[in-house]
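Read through the structure below, which is laid out as structure tokens, and then see the notes.
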Amino acid sequence: MNVKYLFFSMLIILSACSKEDELHVDSYMKPYIDRFEKEAKLRGVDVSGRIANLEAYIFDIPDNGVAGLCRHNTDSPNRIEIDIVYWNKSNDLEKEYVVFHELGHCVLDRVHNDEKDAQGNCVTIMQSGTTNCIPNYTEETRESYLDELFE
Ligand SMILES: [Zn+2]
């Protein structure tokens with residue numbers, strides 16, 4: 001084997017490795033993840049490092065009623081999974097809600113909180129969805145929910 005050939009085959013091995021190391025981020029979810037990073041930055045929170053080390057998938061989650069989840073891993077990147085059935089029937093704000101909720105777990109390390117205000121509305125988008133506080137995420141309430149999320 002001559003040196004030139006050896007160098008060429010090493011190049012192929014190197015490029016194969018770097019391709020495998022690239023984290024999968026679903027292209028439909030990406031704009032919402034970018035938006036999360038921007039909203040965090042507006043509130044003085046830098047999440048860019050955590051976001052860069054995150055995987056995001058949209059597929060058919062077999063568990064009925066699960067819109068999304070965050071998988072915490074100790075030896076591999078955290079991973080967000082969103083159910084494609086939920087995704088396809090949701091509008092922009094609903095998509096943002098579920099992505100931001102899962103990023104709340106995966107990036108901000110937040111846990112569920114089902115507290116409600118005097119009107120019965122959930123005080124945070126980190127509500128579990130299994131109790132009786134009313135989710136009230138609208139164009140009007142969005143800002144205050146995001147302030148709460150990143151505070
Ligand atoms: Zn959750």
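Any idea which of (1) touching a strand residue (DSSP E or B) at 6+ places or on another chain (Cβ under 8 Å); (2) modelled with pLDDT under 95 is the one Y28 doesn't satisfy?
(2)
I need the helices (runs of 4 or more DSSP H) fully contained in region 35-132, keeping only those with at least 2 residues that are under 30 Å from E22 (Cβ atoms), more than 10 Å from the chain's Cα centre (by Cα) and small (G, A, S). Reasoning before the result, please.
Details: elements: 48-52, 84-89, 92-106.
Counting at least 2 such residues, we get 48-52.
Need the failing condition index for D60 against (1) away from the ligand (no atom under 16 Å from the Cβ); (2) touching a Leu at 6+ places or on another chain (Cβ under 7 Å), just the number.
(2)
Would you call R71 in contact with an Asp or Glu (Cβ under 8 Å, 6 or more places away or on another chain) and within 15 Å of the ligand (Cβ to nearest atom)?
Working: in contact with an Asp or Glu (Cβ under 8 Å, 6 or more places away or on another chain): yes; within 15 Å of the ligand (Cβ to nearest atom): yes.
Here the answer is yes, as R71 does meet what is asked.
With (1) in contact (Cβ under 8 Å) with a residue 40 or more places away in the chain; (2) within 16 Å of the ligand (Cβ to nearest atom); (3) loosely packed, with under 14 Cβ neighbours inside 10 Å as the list, and L93 as the residue in question, which single condition is left unmet?
(2)
In region 100-147, how many are loosely packed, with under 12 Cβ neighbours inside 10 Å, within 16 Å of the ligand (Cβ to nearest atom), among the β-branched types (V, I, T) and closer than 20 Å to D34 by Cα?
The number of residues fulfilling the criteria is 0.
The values are calculated or read from the model by the stated rules, or taken from the named source; none is laboratory data. Here the structure is a predicted model, which is why all the values come from computation and not from measurement. Ideal geometry is used to build each Cβ from the backbone, glycine not excepted, and the neighbour counts take in all protein chains shown.
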